[in-house]
2 protein chains.
Amino acid sequence: MGMEETKFIINSNEYLPLRDVVFNTLRDAILTGKLVPGERLMENQLADRLGVSRTPVREALRMLALENLVELVPRKGAQVLDMSEKDIINILEVRDALESLATSIACVKMRKEELQKLKNVEAEFERAVGESDLERIIQLDEDFHDLILESTENDKLTQIYQNLRVQLYRYRMAHLKVDSSIPAIIAHHRGIMRAIENHDAEEGATVAHGHIKYHTEFILRSIHNK
Amino acid sequence: MGMEETKFIINSNEYLPLRDVVFNTLRDAILTGKLVPGERLMENQLADRLGVSRTPVREALRMLALENLVELVPRKGAQVLDMSEKDIINILEVRDALESLATSIACVKMRKEELQKLKNVEAEFERAVGESDLERIIQLDEDFHDLILESTENDKLTQIYQNLRVQLYRYRMAHLKVDSSIPAIIAHHRGIMRAIENHDAEEGATVAHGHIKYHTEFILRSIHNK
DNA sequence: AAAAGAAACAATGTATACAGTATTATTAAG
DNA sequence: CTTAATAATACTGTATACATTGTTTCTTTT
């Protein structure tokens with residue numbers, strides 16, 4: 001249902017293994033809610049629907065399990081993982097620590113050109129806010145945090161952080177959708193940039209912590225209102 | 001070579017898929033150095049050697065890749081991942097943040113019985129130190145940190161932390177092997193327990209940070225001496 | 001009619017076969 | 001003798017077939 005065909009393989013210049021195509025397709029379906037939590041994912045059925053054999057489907061399911069998007073039970077099969085509120089709180093708790101870490105490292109390591117990029121993204125972000133362009137706001141907010149991560153030159157940190165973000169994807173609009181929260185977010189971003197500019201790692205960690213805490217509030221509120 | 005057969009499947013009461021058997025076997029071989037960094041892992045060869053087909057071997061390799069123990073290059077194959085010093089520093093940087101987080105949560109959440117367990121483990125640890133029982137010292141040090149993780153009631157944090165630990169497994173003795181470092185470690189452990197007892201989260205985070213920093217020093221030194 | 005058991009079915013686990021692509025070895029040209 | 005082109009080989013990618021297990025349905029017994 002709504003699951004697209006895999007024609008795009010042909011158009012692509014680069015080679016992409018089928019397992020990655022299936023992975024991307026399923027991941028997208030889960031994150032956009034086309035596949036809902038608890039739904040069983042049967043290999044044969046998916047394979048038929050996607051026009052491939054079970055092999056790449058199996059491998060894709062295992063990749064999804066590694067991202068904590070599906071749950072695999074031996075000899076029972078896979079299902080879209082449902083996150084409890086506790087899971088979300090747990091993820092946010094870890095993300096808080098990692099965001100603080102990243103920001104404090106950025107305060108030490110970030111170079112002038114990178115800071116300039118960050119300022120440009122933030123300017124665009126605030127412009128998008130003026131135009132109430134929600135999709136763009138979300139993208140630029142992500143970009144902002146990605147630039148900070150990049151400046152840490154720590155792939156491991158980046159990888160773990162982005163994995164946590166994927167798991168929270170469903171709630172990515174929770175805080176940005178509420179108009180009243182935007183000014184606070186802008187203030188946080190500016191605070192982070194100021195800390196970076198002043199090479200004040202402690203201040204950076206503190207502001208980042210406040211930022212995530214604020215975000216956490218909104219996510220939890222949006223869960224409760226469902 | 002030296003790779004054991006898979007007879008033990010039969011003896012086991014619980015069912016273990018072959019992919020998990022292969023995974024455990026390969027993981028063990030990598031962590032104990034029987035498979036060295038850079039070594040190519042060919043599916044056919046491993047399958048023959050382990051007496052299984054390529055299918056479970058493939059799946060096991062992908063699981064290992066997820067733990068960052070092997071590197072998979074599409075259409076090229078798998079090889080045991082070699083970590084650079086930078087990788088190790090990156091991992092330690094993240095672990096530092098997570099250990100501090102875990103300890104500060106423990107200071108808030110840990111219950112009396114759990115603290116008692118922690119004290120017991122520490123007592124055993126110090127006894128093992130007296131007996132210079134290195135294997136046991138390492139195990140009890142792990143147990144100590146596991147108890148702290150458990151008390152956080154944060155599965156996500158636990159999972160990520162333990163994954164980082166696996167990646168550092170090769171260096172797990174670096175600091176415990178040096179006799180002169182043991183008194184400092186004991187002091188750290190006691191400091192952590194005191195912070196937990198006093199419910200002083202800030203103190204806990206600080207001591208944990210110092211502990212990891214100390215550990216980091218030894219790991220880096222042991223790399224340079226190779 | 002309810003519960004236990006057996007049989008049919010459907011799903012995952014594993015093995016194998018075939019296809020396509022890197023790599024290596026071999027040959028030809030300069 | 002070196003380099004480029006080509007053929008042979010060895011590996012991964014994918015599909016499919018078979019084995020095993022879990023589930024459901026239908027029968028049988030109490």
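Coordinate-derived values only; no laboratory data. Being a predicted model, the structure only gives us computed values, none of them experimental. Positions of Cβ are generated from backbone atoms using ideal geometry, with glycine treated the same way; all protein chains shown enter the neighbour counts.
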Problem set entry | Taking A:S104, B:S132, A:S53 and counting other C-beta atoms within 10 Å, the order from fewest to most | B:S132, A:S53, A:S104
Seminar exercise, completed: Averaged over the residues of B:98-104, the number of partner chain Cβ atoms within 10 Å of each residue's own Cβ comes to 3
Problem set entry | Within the protein assembly as shown, helix-based [θ] at 222 nm, where runs of 4 or more DSSP H residues each add -39,500 (n - 2.57), nearest 500 | -22500 deg cm²/dmol
Problem set entry | Gain on full stretching of the segment that runs from A:S180 to A:R40 - 0.36 nm per residue minus C-alpha separation | 46.5 nm
Seminar exercise, completed: PRE zone check, label point 7 Å out along Cα-to-Cβ of A:K86, amide N under 17 Å, scope region B:86-121, hits B:106, B:109-111
Problem set entry | Formal net charge of residues neighbouring A:D87 (Cβ-Cβ distance under 11 Å; K, R +1; D, E -1) | -2
For this session: Hey, could you get me the Stokes-Einstein D for region B:68-159, Kirkwood radius over alpha-carbon pairs, 4 °C and 1.567 mPa s, rounded to whole µm² s⁻¹?
Result: 83 µm²/s
Seminar exercise, completed: Once amide hydrogens are built 1.01 Å from N within the peptide plane, the residues lying 5 or more places from A:L41 or on another chain with amide H under 5 Å from its amide H are A:A78, A:Q79, A:V80
Exercise. Using the alpha-carbon atoms, what tilt in degrees (0 to 90, nearest 10) does helix A:155-167 show relative to the longest principal axis of chain A?
Worked result: 70 degrees
Exercise. How large is the charge dipole for region A:85-224, taken about the Cα centre, if only the Cβ atoms of Lys, Arg (+1) and Asp, Glu (-1) carry charge, to the nearest 20 debye?
Worked result: 160 debye
For this session: Give me the net charge of B:L31's neighbourhood, meaning all other residues with Cβ under 13 Å from the Cβ of B:L31; Lys, Arg count +1, Asp, Glu -1.
Result: +3
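Within 10 Å of each Cβ of B:61-69, how many other protein chain Cβ atoms are there on average?
Mean shielding by partner chains, rounded to a whole number: 2.
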Problem set entry | Cβ-derived FRET efficiency at R0 22 Å, B:E217 paired with B:R194, nearest 0.05 | 0.45
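With N set to the number of residues, divide the alpha-carbon radius of gyration of the protein assembly as shown by 2.2 N^0.38 Å and report two decimals.
Details: Rg = 23.6 Å, N = 452, 2.2 N^0.38 = 22.5 Å.
So the Cα radius of gyration is 1.05 times the expected 2.2 N^0.38 Å.
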Exercise. With labels modelled as points extended 7 Å from the Cα through the Cβ direction, what inter-label distance (nm, one decimal) is found for B:L31 paired with A:Q159?
Worked result: 1.7 nm
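Across chain B, how large is the tail of the calculated P(r) beyond 31 Å, expressed as a percent of all Cα pairs?
Above the 31 Å cut-off, chain B has 32 percent of its Cα pairs.
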Problem set entry | Between 0 and 90°, nearest 10: helix B:182-197 axis offset from chain B longest Cα axis | 70 degrees
Exercise. In degrees, nearest 10, range 0 to 90: what is the angle between the Cα axis of helix A:85-109 and the longest Cα principal axis of chain A?
Worked result: 50 degrees
